[in-house]
Amino acid sequence: MISHTGNPSDLDRPYSISERAYEYLTKESYPASQSEEDVFANNRREKGRHKGINYQGLTMIDDLSMRGLIDYVQTAPLSSRGKLLTAQAKTPESKAAILAFAQGADTIICLHADLDEIVQSVASAYHADKQFASQVNKALQKYAVFAK
């Protein structure tokens, strides 16, 4: 389970929406080279590679309604792609869900949020962006393996 505490190696972005954190967790080395546009306007990319954990299991983030995450997603500067993905999100929790999936989460916990709104927002982002759709499809495949 991935928490919402700030990741000092990624501009204090919460681990749950930090691409750098997911790369560290799921890759043999990171940062991965990126040809696609990031979702945040400010990103920390260092030259060189670092050793990752190469975890191949299901990544799950803590509750979407937690204050640390909500405060961050309401104020974080987004790139044009991040704005496109979250354009239909009506709540901070749905915005957080989209950003978490875009950065590499496989599943989310949402105890105190409007689940219908989250599903609708994620579906809108899915149809708006092929890269996001691919990430969600990978998450669904990993979940299907986990559920067996």
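FYI, it's all coordinate maths here, none of it is from the lab. All values reported here derive from a predicted model rather than from experimental measurement. No Cβ is skipped: glycine too gets one built from the backbone with ideal geometry, and neighbour counts run over all protein chains shown.
Using every pair of separate Cα atoms, the Kirkwood estimate puts the hydrodynamic radius of the chain at 15.3 angstrom. Computed 3J(HN,Hα) for region 126-136, one whole-Hz value per residue from the Karplus formula 6.51 cos²θ - 1.76 cosθ + 1.60 where θ = phi - 60°, is 4, 7, 8, 8, 5, 5, 5, 4, 5, 5, 5, glycine and proline marked x. Taking the DSSP bridge list for the chain and keeping only pairs wholly inside it, about 55 percent are antiparallel. Considering the options 4, 97, 134, tell which one lies farthest towards the positive end of the dipole of the chain, charges being +1 on Lys and Arg and -1 on Asp and Glu at the Cβ, about the Cα centre. Toward the positive end, the furthest listed residue is 134. The H on the amide N of residue 109, modeled in the peptide plane, is under 5 Å from the matching H of 61, 64, each at least 5 residues off or on a different chain. In the chain, helical runs assigned H by DSSP with n ≥ 4 each contribute -39500 (n - 2.57); averaged across all residues and rounded to the nearest 500, the mean residue ellipticity at 222 nm is -14000 deg cm²/dmol.
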